[in-house]
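Asker: Before I ask anything, let me first share the structure, which is written out below as structure tokens.
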Amino acid sequence: MIALDENVLAWLRDSLGVQVGLYEYPSDEGSAAFSPSPVHEAVRAYRAGGGIYGYTYEVRYRVRPRDASGRMDAAAVLAALCAAVDARSFPEAPEGCAWLGHETTQRPGLFEEYDDGREVYRAVFRITYIELS
């Protein structure tokens, strides 16, 4: 399998317009965390090498909304990312890889609430790619 995390992280940083960290939030609020699945699902593996794989990742956006408008703004950040994915936007493909699809598997929604008023919104995505042998 091909290492995709750095390519996807760079694309997210460009696409979201907020700070994005790998597995953790770069700041207390108004930033996102990118969590890739540790396993790439084998859709089809070829005996000669290579195959078609699914790469699932989630993006969590943590904010401290003051009112309903702030909550809508938080959801809109991830909704814009979903729109980019729906428009077939992809990260730069690493060498030896070609993208076959990019889809939103879970639309943005409230994921977690903290006692101090912070909230986390989450969306889940999947890239299908072919590993060229």
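Asker: Across region 80-96, what is the number of residues that are assigned to a helix (DSSP H, G or I) and touching a strand residue (DSSP E or B) at 6+ places or on another chain (Cβ under 8 Å)?
Answerer: 4
Asker: May I ask you to list the residues in region 97-129 that are hydrophobic (A, V, I, L, M, F, W, C), surrounded by fewer than 18 Cβ atoms within 10 Å (Cβ to Cβ) and over 23 Å from GLY30 (Cα atoms)?
Answerer: ALA98, TRP99, LEU100
Asker: What residue, of ALA10, ALA3, ALA48, is more than 23 Å from GLU119 (Cα to Cα), of a type in the set (Gly, Ala, Ser), within 18 Å of the chain's Cα centre (by Cα) and in a loop (DSSP other than H, G, I, E, B)?
Answerer: From the options ALA10, ALA3, ALA48, the qualifying one is ALA3.
Asker: I've got another one for you. Let me spell it out: the conditions are (1) more than 14 Å from the chain's Cα centre (by Cα); (2) more than 27 Å from GLU131 (Cβ to Cβ); (3) in a strand (DSSP E or B); (4) not aliphatic (A, V, I, L, M), and TRP99 meets all of them except one. Which number is the exception?
Answerer: (2)
Asker: Okay, moving on. When region 15-30 is examined, which residues are found to be at pLDDT below 95 and exposed (fewer than 13 other Cβ atoms within 10 Å of the Cβ)?
Answerer: Those that are at pLDDT below 95 and exposed (fewer than 13 other Cβ atoms within 10 Å of the Cβ): GLY17, SER27, ASP28.
Asker: Take region 19-29 and flag every residue that is of a type outside the set (Val, Ile, Thr) and in contact with a helix residue (DSSP H, G or I) (Cβ under 9 Å, 6 or more places away or on another chain). Quick ask: steps written out before the conclusion?
Answerer: Applying the first criterion (of a type outside the set (Val, Ile, Thr)) to region 19-29 yields 19, 21-29.
Scanning region 19-29 gives GLN19, GLY21, LEU22.
Asker: Restricting attention to region 28-73, and to residues there that are small (Gly, Ala, Ser) and in contact with a Ser or Thr (Cβ under 7 Å, 6 or more places away or on another chain), which single residue is farthest from ILE2 (Cα to Cα)?
Answerer: Residues of region 28-73 small (Gly, Ala, Ser): 30-33, 35, 37, 42, 45, 48-51, 54, 68-70.
Remaining after also requiring in contact with a Ser or Thr (Cβ under 7 Å, 6 or more places away or on another chain): 37, 48-50, 54.
Details: SER37: 13, ALA48: 16, GLY49: 12, GLY50: 10, GLY54: 11 Å.
For region 28-73, the residue satisfying everything is ALA48.
Asker: Now for a different question. Quick test of your reading of the structure: ALA42 fulfils all but one of (1) without any contact (Cβ under 8 Å) to a residue 40 or more places away in the chain; (2) touching a helix residue (DSSP H, G or I) at 6+ places or on another chain (Cβ under 7 Å); (3) not aromatic (Phe, Trp, Tyr). Name the failing condition by number.
Answerer: (2)
Asker: Suppose the filter is in contact with a helix residue (DSSP H, G or I) (Cβ under 6 Å, 6 or more places away or on another chain) and either over 18 Å from VAL20 (Cβ atoms) or in contact (Cβ under 8 Å) with a residue 24 or more places away in the chain (or both); does VAL85 pass it? I'd like the intermediate steps shown before the answer.
Answerer: Working: in contact with a helix residue (DSSP H, G or I) (Cβ under 6 Å, 6 or more places away or on another chain): no; either over 18 Å from VAL20 (Cβ atoms) or in contact (Cβ under 8 Å) with a residue 24 or more places away in the chain (or both): yes.
In short, no.
Asker: I've got another one for you. Against the condition at pLDDT below 95, surrounded by 16 or more Cβ atoms within 10 Å (Cβ to Cβ) and either under 18 Å from the mean Cα position of the chain (by Cα) or farther than 14 Å from LEU9 by Cα (or both), how does ALA87 come out, does it pass? Spell out how you get there, then give the answer.
Answerer: Numbers: at pLDDT below 95: yes; surrounded by 16 or more Cβ atoms within 10 Å (Cβ to Cβ): no; either under 18 Å from the mean Cα position of the chain (by Cα) or farther than 14 Å from LEU9 by Cα (or both): yes.
The answer is no for ALA87.
Asker: Now for a separate question. Please go through (1) at pLDDT 95 or above; (2) over 12 Å from the mean Cα position of the chain (by Cα) for PRO38 and return the number of the only condition it doesn't satisfy.
Answerer: Here PRO38 meets the rest and fails (1).
The values are calculated or read from the model by the stated rules, or taken from the named source; none is laboratory data. Predicted model, so just to flag it, every value in this text is computed and none were measured. Here Cβ is always computed from backbone atoms with ideal geometry, including for glycine, and neighbour counts include all displayed protein chains.
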